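Asker: Sharing a structure, written as C-alpha cells. Questions coming.
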Amino acid sequence: MNVYGAVILAALLVEYILNVVADVLNLRNLQPNLPEAFADTFDEDEYTQSQAYTRVRTRFGLLRSTVGLTVLLAFWFAGGFAWLDGVVRGWELSRIVTGLFFIGLLIGAQGVLSLPFALYSTFVIEERFGFNEMTLGTFVLDRLKGLALGVAIGGPLLAALLWFFQHTGPYAWIYAWLTVTAIMLLLQYVAPRILMPLFNDFEPLEEGELREALLEYADSVNFTLDDIYVMDGSRRSSKSNAFFTGFGANRRIVLFDTLVEEQSVDELVTVVAHEMGHYKRHHIPQRMAISVLQTGVLFLLLSIFLQVEGLFEAFYVEQMSVYTGLVFFGLLYTPVDLLLSVPLQAWSRRHEYEADAFAVETTGRPATLISGLKQLAASNLANLTPHPFYVRLHHSHPPLRERIQQIQHIASPSPAQS
Ligand SMILES: [Zn+2]
C-alpha cells in the first residue's frame, strides 16, 4: 500500500471511529427523567418513546455504517475497482460511455446494498414508533422515480464532466465548475415546479384564518412570495416540517399537512417567521456562495489528483482514467469533507439562532415560537439531550434547549448577562 492508500484508509477509519464515539456519548447522555423545561409539552410516555427512538436509530445507524465500511474495504482490498475497470473496458465502448458504466454500476451496487436498510428503517423502525405512513407501493415508486431522475440528470452531467477532463486540458476544472454551478442554480427553479411534484402533491393553502395570518405577516416584513402551499407529507410519514423553496419572486412557503393539523395559527406564523428570517438575514445566498466555492475547490483539486499515478496504484488500477480518478478522488476527499463540515454546521447553527431572533423581533411572540418548537420536537420524538460532541459533528440545528434559552434571552435580556 502506498501513501495515498494509507491516507484514505486512515481517513475512513478515523471518520468511522469519530462517529462511533459520538454515538456512544450521545446514548450515554440520555437522561432518564424528563427535563423540567419540557414538562408542559412532553408527557412521560412520549419522553420514554423519544429516548427509545434515539437508541434504536443510533444502533441501526451503527450497523449500517459498519456494513458499509466493511463492504467498501473488502471490495477495495480484493481488487474490486481494478476488476470492474477491466470488465467495462472489455466492452470496448467509447471512453465516456465506459466511464458512465463504471460509475453507474458502483452507484447501482451501493443502491442495492442500501435497499434492505431502507426497507428496515421505514417498515420496521418508523412503523414501530408510529411514523410510517408509506405503503410498499409508494416506497418502490419513490425508488424508481429517484433512479429515473438520477439517470436523467446525473447521467448527462457526469458525461459532461468526464468530457471536460478528457478533452479541455488545464482549464477543465473551470468548465466543470461553471457547469455544475449553472445546474445547481437551475435546479432551484426546477425542483419546486417539476421535481418535487413528482413525489408529493402541493395544494395552495385554502382561504381562511391561517392563510390571512401568514400573508399579513409576510406583508408586515415586506416579504414577497409566490404562494403558500400545503404538501401531503402525511402520505409518507406523520413527522412534520415546513420549508421554503425558490428565490426572488418565486419563493414559496411549503407547510406539511401534518404541521398545519398539529399547530395553532399563531404557532404556524412564528414557524414561517423563522423561515423568512433565513431569507431576510441573507442565509440562502451565503450558503449558496459557500457551496459554489466548495465546488470550485473540489474540481481544482480533482484536476491535480487526476495526474497522480499513486492514487490509481493505491486501488490496484493500472491504467489511469478520468472516471476511476473521479471515484478515488471522492474517497481521498473524505477527510477534507469531514473537516469542513464541522465549521459549516456551526455556521448553520448560528443561522438558526439568527432566524429565531428574527421571528421573535417581528412577531413579538417568543412564547408562541417556543411552544411551536416544543410541539414539533414532541411529535417528531426528537432527542432533547444530545451530547455536545454529537451536536458538533452532526447537527445543523442547535439543540432545542439552547434555542429556547436564546429565545427567552432575546425576549427579556437579563442585565446580569449582558
Ligand atoms: Zn431554520
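Asker: Mean separation of Cα pairs under 8 Å and 6+ residues apart, divided by the residue count of the stretch 189-271: what relative contact order is that in percent?
Answerer: 30
Asker: Please give the charge dipole size of the chain, origin at the Cα centre, charges +1 on K and R Cβ atoms and -1 on D and E Cβ atoms. Round to the nearest 20 debye.
Answerer: Here the size comes out at about 1340 debye.
Asker: With viscosity set to 0.890 mPa s and temperature to 25 °C, compute the Stokes-Einstein D of the stretch 12-52, Rh being the Kirkwood radius across alpha carbon pairs; µm²/s, no decimals.
Answerer: 206
Asker: Under 5 Å between amide H atoms, partner at least 5 residues away or on a different chain: which partners does Ser237 have, H built in plane at 1.01 Å?
Answerer: Glu133
Asker: Compute the label zone of Trp91 within the stretch 146-174: residues whose backbone N is under 12 Å from the point 7 Å along Cα-to-Cβ.
Answerer: No residue passes the distance filter.
Asker: Still on this model: Would you please state which residues of the stretch 1-35 a label at Met320 would reach in this model, taking the label point 7 Å out along Cα→Cβ and a backbone N cut-off of under 18 Å?
Answerer: Answer for the stretch 1-35: 2-5.
Asker: Which value in Å does the Kirkwood hydrodynamic radius of the stretch 267-418 take, with 1/r averaged over all unlike C-alpha pairs and then inverted?
Answerer: Its Kirkwood hydrodynamic radius stands at 18.4 Å.
Asker: Say the dipole of the chain comes from +1 at the beta carbon of Lys and Arg and -1 at that of Asp and Glu; which of Leu298, Leu381, Leu185 then lies farthest toward its positive end?
Answerer: Of the candidates, Leu298 comes out farthest on the positive side.
Asker: Based on the Kirkwood radius over alpha-carbon pairs, what value in µm²/s does the Stokes-Einstein equation return for the translational diffusion coefficient of the stretch 173-259 at 20 °C and 1.002 mPa s?
Answerer: Translational D for this selection: 148 µm²/s.
Asker: Please list, in chain and number order, the residues 5+ apart from Val230 or on another chain whose amide H is under 5 Å from its amide H, with Hs placed from the backbone.
Answerer: For Val230, whose amide H was placed from the backbone, the distant partners under 5 Å are Glu203, Leu205, Leu255.
Asker: Round to the nearest 10 and give me the degree value, 0 to 90, for the angle of helix 155-167's Cα axis relative to the longest principal axis of the chain.
Answerer: Long axis of 155-167 versus the principal axis of the chain: about 50 degrees.
Asker: Can you give the Rg and Dmax of the stretch 139-181 based on its C-alpha atoms, in angstrom?
Answerer: Over the stretch 139-181's Cα set, Rg and Dmax evaluate to 13.8, 44 Å.
Asker: Using a Gaussian network for the chain with springs between C-alpha atoms less than 10 Å apart, which of these wobbles most: Ala118, Ala74, Ala213?
Answerer: Maximum among the listed residues: Ala74.
Asker: Please identify every one of the trypsin sites (Lys or Arg not before Pro) in the stretch 266-298 that sits in a loop by DSSP and has no more than 16 other beta carbons within 10 Å of its own beta carbon.
Answerer: Passing both the DSSP loop test and the Cβ count: Arg281.
Asker: Oh, and also: Please report, to one decimal in angstroms, the Kirkwood hydrodynamic radius of the stretch 330-398 built from all distinct Cα-Cα pairs.
Answerer: Taking every pair of different Cα atoms in the stretch 330-398, averaging 1/r and inverting gives 14.0 Å.
Asker: Still on this model: Can you list the chymotrypsin sites (Phe, Trp or Tyr not before Pro) in the stretch 76-159 that are in a DSSP coil and have 10 or fewer other beta carbons within 10 angstrom?
Answerer: Trp91
Asker: Also: Between Val297 and Thr138, with labels modelled 7 Å along Cα→Cβ, what's the label distance in nm to one decimal, could you check?
Answerer: Going from the Val297 label point to the Thr138 one covers 3.9 nm.
Asker: For a quick size check, give me the Cα extents of the stretch 60-196 along its three principal axes, largest first, whole Å.
Answerer: 55, 44, 25
Asker: How high is the relative contact order of the stretch 316-418? Use alpha-carbon pairs under 8 Å, at least six apart in sequence, and give a whole percent.
Answerer: 37
Asker: Considering Cα pairs under 8 angstrom that are at least six residues apart, work out the relative contact order of the stretch 127-276 and quote it in whole percent.
Answerer: It rounds to 23 percent for the stretch 127-276.
Asker: While we're looking at this one, here's another question. So what does log10 I(q)/I(0) come out to for the stretch 190-232 at q = 0.13, 0.23, 0.31 Å⁻¹, using the Debye formula with one equal point on every Cα and no solvent?
Answerer: Here log10 of I(q) over I(0) equals -0.35, -0.83, -1.04.
Asker: If exposed GluC sites (Glu not before Pro) are those in a DSSP loop with at most 13 other Cβ within 10 Å, what is the longest stretch of the chain that has none?
Answerer: Answer - 93-205.
Asker: Here's a follow-up. Modelling each spin label as a point 7 Å along the Cα-to-Cβ direction, I'd like the Leu198/Leu157 distance in nm, to one decimal.
Answerer: Going by the 7 Å Cα→Cβ label model, 1.2 nm.
Asker: Calculate for the chain the 222 nm mean residue ellipticity that helices alone would give, adding -39,500 (n - 2.57) per DSSP H run of length 4 or more and normalising by residue count, nearest 500 deg cm²/dmol.
Answerer: -22000 deg cm²/dmol
Asker: Hey, another quick one. How big is the gap, in Å, between the Cα center of the stretch 282-320 and the Cα center of the stretch 24-40?
Answerer: 41
Asker: Taking θ = phi - 60°, what integer Hz values does the Karplus form 6.51 cos²θ - 1.76 cosθ + 1.60 yield along the stretch 274-288, in sequence order, with x for Gly and Pro?
Answerer: So the Karplus estimates, Gly and Pro as x, are 4, 4, 5, x, 4, 6, 5, 8, 6, 6, 5, x, 5, 5, 4 Hz.
Asker: Considering only C-alpha atoms, what is the centroid distance from the stretch 349-402 to the stretch 108-157, in Å?
Answerer: Cα centres, the stretch 349-402 to the stretch 108-157: 29 Å.
Asker: How are the C-alpha pair distances of the chain spread across 20 Å bins, as whole percents from the shortest bin up?
Answerer: In whole percents, the pair-distance histogram is 21, 55, 23, 1.
Asker: Spelling out what I want: for every residue of the stretch 364-373, take phi, set θ = phi - 60°, compute 6.51 cos²θ - 1.76 cosθ + 1.60 (Karplus), and round to whole Hz; glycine and proline get x.
Answerer: x, 10, x, 5, 5, 4, 4, 5, x, 5
Asker: Oh, and also: Using Cα positions and a limit of under 26 Å, work out the lysines in reach of Lys145, with same-chain residues fewer than 8 apart set aside.
Answerer: Partners within reach: Lys239.
Only the coordinates and a few stated rules stand behind these numbers; no lab work does. Note that this is a predicted model, so its numbers are computed, not measured. Methodologically, a virtual Cβ is constructed for each residue, glycine included, from the backbone with ideal geometry; neighbour enumeration extends over all protein chains shown.
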